[in-house]
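See below for the structure under consideration.
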Amino acid sequence: MGKKQLWIALGLVLFGAVMLFWPQDEDAEKRYFRNEGFVFGTTYSIQYEAEADLSVQIKGALDAVDTSLSMFNEQSVLSRINRNEAVETTGDFEKVYLVAREVSEVSGGALDITIAPLVNLWGFGLKHREHVTPAMVDSLLPLVNYQGITLDNHHISKTNPAITLDCGAVAKGYGCDKVVEVLRANGVENLLVEIGGEVVAIGKNSKGQPWTIGITKPMDDPVGEQRNLQDIVQTEYICMATSGNYRNFYYDGSERRSHTIDPRTGYPVTHNLLAATVVAENCARADALATACMVLGADEAVKMIDHLDDAACYLIVSGQDGFEVLHSAKWTLTEKN
């Protein structure tokens, strides 16, 4: 089985927040290193086999992504673009921009990195939450249009200076890819990189076995405390991202407001898709596609993914009898060890 077939085959069980199981082997731990921390507003866990600790190199990779894409770093490339400063884009920014642009096209605008004004309006960005009226939404919708920005000669141009960007739908996945790139450049063949639930796993763990990943159930869990597992999978190669509405939400009176906002309507989605997991050729693309799936809803998401050669999705929806599953045609059921 080739690598692409393997990650498609394994991907179907990966549809919740990720729990990682670190093997306890004192002898192996001398060669397997573990780095954990906080980045991009979430946590990361990285394990790899190497001759020396590569934490400095890993931090450098994560800092580079933060410097390019963070909304919360006032001196990042993204923040400076949002302030309409003359700033040259970095390679990291340009790679994410191109991934986002392509996914925007294939999803009919379900993913849109110019969504920042709506994210802030609904209380999921830099601004405090407030009661949102239709007039507020209507006033911002003209600013949400990925076709209103272009990248040319390392500069972003806007059709309207009030357009602002939010790359949060791609940054964690790209951060995984960036760390993997650094580790592989340092000769690492066995690794697992997880940032906020997005995962790249290659090779084997310290016991010489495939990496074991536990998947938590997609249940309402705004503080991230529940650890009930939906499934466990072992894998030697996968690039996977999950997007869901069961953690980041709030109630506005009786209305449940999801952090997944449809850039085409301006409103949080209200359909029954709870979680979308996508596997793709890299984690940045998987991350972007997972967000697009959550905006589209289950049926349209499957249609979108089925038109792509390099991705597959597994979707969990809320049904009358509990969780129900839809998946793209390329999913293949795999026995767990």
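Rule-based calculations on the coordinates, nothing more; no lab input. Predicted model, so just to flag it, every value in this text is computed and none were measured. Every residue, glycine as well, gets a Cβ built from its backbone with ideal geometry; the counts of neighbours run over all protein chains shown.
The table below gives the values:
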quantity: C-alpha center-to-center spacing [the stretch 67-93, the stretch 134-188] in angstrom; calculated: 10 Å
quantity: Order of TRP211, TRP331 under a 10 Å beta carbon neighbour criterion, fewest first; calculated: TRP331, TRP211
quantity: Extension gain (nm, one decimal) between HIS307 and GLU102, 0.36 nm per residue minus Cα-Cα; calculated: 72.5 nm
quantity: Calculated over the stretch 65-183: convex hull of Cα atoms, volume per residue (Å³); calculated: 108 Å³
quantity: Links that overshoot a 25 Å alpha carbon limit, given the list LYS207/LYS330; LYS59/LYS158; LYS204/LYS303; LYS178/LYS303; LYS158/LYS178; LYS59/LYS95; calculated: LYS207/LYS330; LYS59/LYS158; LYS204/LYS303; LYS178/LYS303; LYS158/LYS178
